[in-house]
Amino acid sequence: MLVSAKEMLTKAKAGKYAVGQFNINNLEWTKAILLTAQECNSPVILGVSEGAAKYMCGFNTVAGMVNGMLKTLNITVPVALHLDHGSYDAALQAMEDGFSSVMFDGSHYGIEENIEKTKEIIRIANEKGISVEAEVGAIGGEEDGVIGGGEVADPDECKMIADLGVTMLAAGIGNIHGVYPENWQGLNFEVLAKIQEKTGTMPLVLHGGTGIPAEMVKKAITLGVSKVNVNTECQLAFAAATRKYIEDGKDQQGKGFDPRKLLAPGVEAIKETVKEKMELFGSVGKA
Ligand SMILES: [Zn+2]
């Protein structure tokens, strides 16, 4: 059964480790992540962007697929199905359609409108036992077609949003979605420490986990980050493994063209990436 992200993140914050959010794109992705979480005895959050949900035929279809897998694959570790960077309308729809967690990304609104809309989402989420992630300070890079400027969040604004009763808070600290540019300045730990100081036990979320050096991720976890989002890294691993399969001519040997064979190396590559991340975040054995 799907669970909200609240309990797993409260435990992670107290235990000074982080739970990975791995974004899914299709059945192979979902299966690979769930099996790895079970093997690692780790809690896990499946992230679904609005674009990915549309691609997979809507929240309803995604919830149906994930619930089916939890049952058929005997997944017993805590799993949350989470809307990633949702608009207001998408958050309402995802909650209606069986998601156990939603992110309402109001970072492009002014702080007052962000607060009003976040409050309404929280009210509905609380009735259903769904966890809510809010964002302060747009995170740089590309969020499903939306380009952000790489802002650093204002710790006071973070406190205002945290006090509304959100479950977890994403704050821009120089992190970027997608591949990091060579001249990237690194995470702003000073701001992270200030945000942590102001928001206390609130689990903080690090977006754009791909390409942040492992040592920086670890340090961020010691400073209060309890959820790290990983998306691009699984995509790169999947693409590289699939490319190798085809370049090696394996699709032209025997029944190598069978999609279940063709996609298998990519699935293995995702599993490996997810396992590495769970080890780095410290969530292995924490289910
Ligand atoms: Zn993000």
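The values are calculated or read from the model by the stated rules, or taken from the named source; none is laboratory data. Everything numeric in this text was worked out from a predicted model, so none of it was measured. Cβ placement follows ideal geometry from the backbone for every residue including glycine, while neighbour counts extend to all protein chains displayed.
Candidates in segment 245-261 are the residues that are farther than 19 Å from L35 by Cα and part of a helix (DSSP H, G or I); of these, the one that is farthest from the ligand (Cβ to nearest atom) is Q252.
Annotation note: of V77, V102, V62, the sole residue that is at pLDDT 95 or above, closer than 20 Å to E7 by Cα, away from the ligand (no atom under 14 Å from the Cβ) and touching a strand residue (DSSP E or B) at 6+ places or on another chain (Cβ under 7 Å) is V77. The residue list I221, I176 contains one member that is closer than 22 Å to I33 by Cα and out of contact with any helix residue (DSSP H, G or I) (no Cβ under 6 Å at 6 or more places or on another chain), which is I221. The single condition among (1) more than 22 Å from E133 (Cα to Cα); (2) aromatic (F, W, Y); (3) buried (at least 19 other Cβ atoms within 10 Å of the Cβ) that F281 does not satisfy is (1). Within the bounds of segment 102-114, is there any residue that is touching a Gly at 6+ places or on another chain (Cβ under 6 Å), outside any strand (DSSP E or B) and closer than 18 Å to G172 by Cβ? Yes - at least one qualifying residue is present in segment 102-114. Search segment 201-244 for residues being part of a loop (DSSP other than H, G, I, E, B) and more than 13 Å from the ligand (Cβ to nearest atom), and hand back the single one that is modelled with the lowest pLDDT. Across segment 201-244, the extreme among qualifying residues is G211.
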